[in-house]
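Report on the structure given below.
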Amino acid sequence: MKSVPHEGCGTADAVGQGQRSATRVCLLGASFDTGNLGVSALAESSIKCILSRWPDAQVALLGSSREEGERHLELAGRDVMLRKVPVRFCKNIFLTHHFCTLAFYTLLVRLLPLGSIKRLAMRRNPAMNLLLETDVFIDVSGGDSFSDIYGVRRLILGFLLRSLPLMLRKDLILFPQTYGPFRRAISRRIARCILKRSRKIYSRDQPGLTYVKGLLAGAGMDDKIRFAPDVAFLLDPRKPPQVELGDFEQVRTPQSVVVGLNISGLIYYGGYTGGNEFGLKVDYRALTGKIVDYLLAQEHALIVLVPHVIPTGGYGPNVENDLSACLDVEDRFVKRHPGRLFVARGRYDQGEVKSIIGLCDFFIGTRMHACIAALSQCIPAVGLAYSKKFKGVFDTAGVGRLVLDMREVGEDEAVAAIDEMFRGRRATADYLRGRIPAVKQQVLSLLEDIDS
């Protein structure tokens, strides 16, 4: 299958000019092992941004996996080796990479700042060695986990992980992400503790700047709080070795209008609790059905169902499983619309699924980073939002009007809005071709004033 980048949306160069070789950087809140391709897109794009500033940087993923190891990533034609260093919170507190062990050594080094103590800690514990030798810590928090909307436990674990470099008085830079909401007083206290000790704080939306400044009122940190687009705009598409799209290539013609549709398993299966915890005004399953029927009523339209979160278990049922939800939608509608509905089966990494999204002329998604994968290729994308993060990020690209907040609109209203956006897709694509290159360049310059 041929995948060609959309005209006018060339990828920004990943290799910049650094002032110092072998800068050591730890990346927190990013992983390639979760099955969530949005998190993987943030990880790869953050690394691309780091290497733009320090081309010879040694990058480690801290707390990204359960086991130590390496991961190799191809960026700008080079093989980048990443070290994976776990930080565990299990019952066996005597593990060398357990948080309690690392916190003990960290306090020891902080309270007894002697060279002999540091050398002892570094010799006895490789993870502690990494912490002490790291020049810069960068945290992306999975994009939207600097909040308690996913539970206080996740927020606390993130706080504990970030506390290690902060206790060592290392630089912590918060990459562009969403801040809040914080529904509990303890969550706000935890957030302020991290924010006050961070060297720089980047928000990926303008309202986030106001929100953070409100949390830090009187702390005198306004000059450290800045706006920057989501780093995933930098992600490069990669053609998969094989694409499982059934008869798509045989059915597609030059007249076809290919619409990508991302179904969120999290929303499709009722959220973590099944109790409409996101406060949606719509029945999401019914809405997806109405969208499919509307799209396939359009002449020459084909739908590609694109999962963006596939848990490591694969095809089985899971509240987060987009692929399972996409297969269910296919099963519900394929008989009604034979030969016009296709599912991107198989396993793809973040760059490969972006390449598949690049086949589309129009996109509708409930996973925000699936939408970013479209927008960054100058493909008009409608965001079916279930939280505040969508609007601000879409505004980054100047297309906030393409966000439909399911907490505010009804099903018929949403379909009517999609109809208007679909008909105006060519004008939107033209606009994006003029806007996106500057967005990418802004992300690449994030670290230009940071010395390692």
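Collect the residues in the stretch 265-310 that are of a type in the set (Phe, Trp, Tyr), touching a Phe, Trp or Tyr at 6+ places or on another chain (Cβ under 8 Å) and not in a loop (DSSP other than H, G, I, E, B), keeping them in residue-number order. Scanning the stretch 265-310 gives 268, 284. Quick check on residue 106: is it part of a loop (DSSP other than H, G, I, E, B) and out of contact with any strand residue (DSSP E or B) (no Cβ under 9 Å at 6 or more places or on another chain)? In short, no.
Of the residues that make up the stretch 52-64, is at least one among the acidic types (Asp, Glu), closer than 30 Å to residue 239 by Cβ, at pLDDT 95 or above and touching a Gly at 6+ places or on another chain (Cβ under 8 Å)? Spell out the reasoning first.
We begin by selecting, within the stretch 52-64, every residue among the acidic types (Asp, Glu); these are 56.
Imposing the further condition that a residue be closer than 30 Å to residue 239 by Cβ reduces the set to 56.
In the following step, the residues that additionally are at pLDDT 95 or above were identified as none.
No - not one qualifying residue is present in the stretch 52-64.
Regarding residue 365, is this residue surrounded by fewer than 24 Cβ atoms within 10 Å (Cβ to Cβ) and either free of Cβ contacts under 8 Å to residues at least 12 places away in the same chain or of a type outside the set (Asp, Glu) (or both)? So residue 365 fails the test. Can you tell me which residues in the stretch 188-225 are modelled with pLDDT under 95, charged (D, E, K, R) and under 20 Å from the mean Cα position of the chain (by Cα)? Passing the criteria: only 205.
For the stretch 163-187, how many residues are surrounded by fewer than 16 Cβ atoms within 10 Å (Cβ to Cβ) and under 23 Å from the mean Cα position of the chain (by Cα)? Break it down into steps so the answer makes sense when it comes.
In the first step, residues of the stretch 163-187 are kept if they are surrounded by fewer than 16 Cβ atoms within 10 Å (Cβ to Cβ); the result is 169, 181, 183-186.
Among the residues that remain, those that are also under 23 Å from the mean Cα position of the chain (by Cα) are: 181, 183.
Adding up the residues that qualify gives 2.
Give all pairs with beta carbons closer than 7 Å in which a residue from the stretch 289-303 that is under 15 Å from residue 253 (Cβ atoms) meets a residue that is assigned to a loop (DSSP other than H, G, I, E, B) and small (Gly, Ala, Ser); count only pairs at least 6 apart in sequence or on separate chains. Hits for this filter: 300/256; 302/256.
Tell me, which residue of the stretch 67-88 that is of a type in the set (A, V, I, L, M) and part of a strand (DSSP E or B) is farthest from residue 444 (Cα to Cα)? Spell out the reasoning first.
As a first pass, look at the stretch 67-88 and keep what is of a type in the set (A, V, I, L, M): 73, 75-76, 80-82, 85, 87.
Checking which are part of a strand (DSSP E or B) leaves us with 73, 75, 80-82, 85.
On the way: 73: 18, 75: 14, 80: 18, 81: 20, 82: 20, 85: 26 Å.
Only one residue fits best here, namely 85.
Taken together, 138, 93, 117 contain a single residue that is buried (at least 19 other Cβ atoms within 10 Å of the Cβ) and either among the charged types (D, E, K, R) or in the same structural domain as residue 170 (by TED's automatic domain parsing) (or both), which is 138. All conditions but one from (1) out of contact with any Ser or Thr (no Cβ under 8 Å at 6 or more places or on another chain); (2) closer than 24 Å to residue 389 by Cα apply to residue 147; the one that does not is (1). Residues in the stretch 402-452 that are over 18 Å from residue 295 (Cα atoms) and touching a strand residue (DSSP E or B) at 6+ places or on another chain (Cβ under 8 Å) were compared, and the one that is surrounded by the most Cβ atoms within 10 Å (Cβ to Cβ) is 443.
The values are calculated or read from the model by the stated rules, or taken from the named source; none is laboratory data. As the structure is a computational prediction, the values presented were derived from the model and not from experiment. FYI the Cβ positions are ideal-geometry reconstructions off the backbone, even for glycines, and counts take in every protein chain you see.
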